[in-house]
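Below is one structure; the comments refer to it alone.
The values are calculated or read from the model by the stated rules, or taken from the named source; none is laboratory data. As the structure is a prediction and not an experimental result, all values here were calculated from the model. Because the Cβ atoms are built from the backbone with ideal geometry, glycine has one as well, and the counts that use them run over all protein chains shown.
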Amino acid sequence: GHVPPAFGGPQPPQHTQPTMPIAGAPAQGTDATGGPAAPKQRRVGLGVAAAIVAAALIGGASGAGITALISNDDGVVSNDSAGVESIVVNDPDSVNQITAVAAKASESVVTISVSSGQGAGTGSGIILSDDGYVLTNTHVVTLDGATADPAVKVKTSDGRLFDAELVGTDPLSDLAVIKLADASDLTPLEFADSDNLNVGDTAIAIGAPMGLAGTVTNGIVSALNRSIDVASSAAPTTPDDGGEGDGGQEGSESPFDFWNFEAPEGGEQPQQQQGQISIPVIQTDAAINPGNSGGALLDSEGNLIGVNVAILSAGSAQTEAGNIGVGFAVPSNLAERVAKEIIENGSATHGLLGATVTAAESDAESTTVGALISEVSAGGAAANAGLEAGDVVTEFNGVPITDQTDLTAQVRALPGGAEAELTYLRGGESHTASVTLGTFEG
């Protein structure tokens, strides 16, 4: 139940050990040790550049919209004749920033395989401590809400295999923590401050798209202060306060969705009730594909800036979506808070404003974007701060608010009981208010 000493802080002196080459996970029951030994590759130990670990995908497809990423076990591209492979550096004299980040961070990224009677899938994870705490997505370890009792296996970049148990999930941020059994000498990833990011900063993804562990892609931070709505079978279907809890209009359909996983052969995919979650995200154009969920988004020093969670897909119900250059990651500051709370308490808390909100631009009389308050819960945080129906929230803790998704995401990113400052319009005049958030109980 303790927070690992290295969690989110400077790394201890790293224990170096030889690594084997990275490749796709071998098919179940096949031998991945055959073939001639690869030539020795020189490792690069530099303080380095941005890396994004790609998000995991559940197989199946959705229409155009946000898609969470978990690879299903069918149709996975892999190289059955190869073992695990380290980042290959053939010419150490011409190493670039991306190579250096990959060489530093790849040993802190793992491949996660999840199975249950409902199906199976793979994703990625981020090492939090040398004794085996690992951060990933809730939709990875629950197969998007299909199971609460998964069988979890983890493969490290140096080829070690571990059983893992679920420590806790947080469906509202789509984050989860697992613990590897009898693990030691792992290398935790250091957290960067995601509040210090700039649009245009380097971003690098490391993960296991389509089962190809150790894949590295690069891009930039494309946008900040972005928020997305995602339909999630693991999330609560209704707020605890009777429908007056920071949500949009009931029955509205989000274009963003997690992928469905593949059911066992001959079986039917179970139908789960779906709730909707609003998440603040970092947008990146680094390639993120099926198999990347739960992986790390890294800065130019090889530190964590985000946990990859979803992509915008132009796919349809008949085609499997893939990267089109619009991916999303949960910011590291939110991920760090949630992971610490899960390790300490088994769960994390989230703020509650106590108001029903919609997009201001949906009101024909509105002259600005923002989150329009349509109803306020008596005795809730919004009411206590003096907010009223008809107010339009335009800023929350310095973050611009363009619609109800932005406001809900920013409120949920804070723990229950947190203090916040918001700006709102009433009668055409701008006002500010201090609010003490309630706690969302899902």
For the condition over 25 Å from N96 (Cα atoms), out of contact with any Gly (no Cβ under 9 Å at 6 or more places or on another chain) and either modelled with pLDDT of 80 or more or surrounded by 24 or more Cβ atoms within 10 Å (Cβ to Cβ) (or both), what is the one hit in I305, I311, I279? I279
Of the residues E375, E365, only one is touching a strand residue (DSSP E or B) at 6+ places or on another chain (Cβ under 7 Å) and either assigned to a loop (DSSP other than H, G, I, E, B) or charged (D, E, K, R) (or both); which? E375
Please verify whether region 151-159 includes one or more residues that are assigned by TED's automatic domain parsing to the domain that holds S313, assigned to a strand (DSSP E or B), under 14 Å from G125 (Cα atoms) and under 15 Å from the mean Cα position of the chain (by Cα). no
From the list L135, L143, which residue is of a type in the set (A, V, I, L, M), in the same structural domain as P236 (by TED's automatic domain parsing), crowded, with 23+ Cβ neighbours inside 10 Å and in a loop (DSSP other than H, G, I, E, B)? L143
Pairs only if they're at least six apart or on different chains, beta carbon under 9 angstrom, first in region 138-149 and within 15 Å of T122 (Cβ to Cβ), second in a helix (DSSP H, G or I); list them, first residue then second. D144/T138; T147/V141
Candidate set from region 325-358 (those that are in a strand (DSSP E or B) and not hydrophobic (A, V, I, L, M, F, W, C)); member that is surrounded by the fewest Cβ atoms within 10 Å (Cβ to Cβ): T358
Scan region 83-94 and report the pairs whose first residue is modelled with pLDDT of 75 or more and whose second residue is not in a loop (DSSP other than H, G, I, E, B), with Cβ atoms within less than 6 Å and a gap of 6+ or a chain change. I87/A102; I87/A103; I87/S106
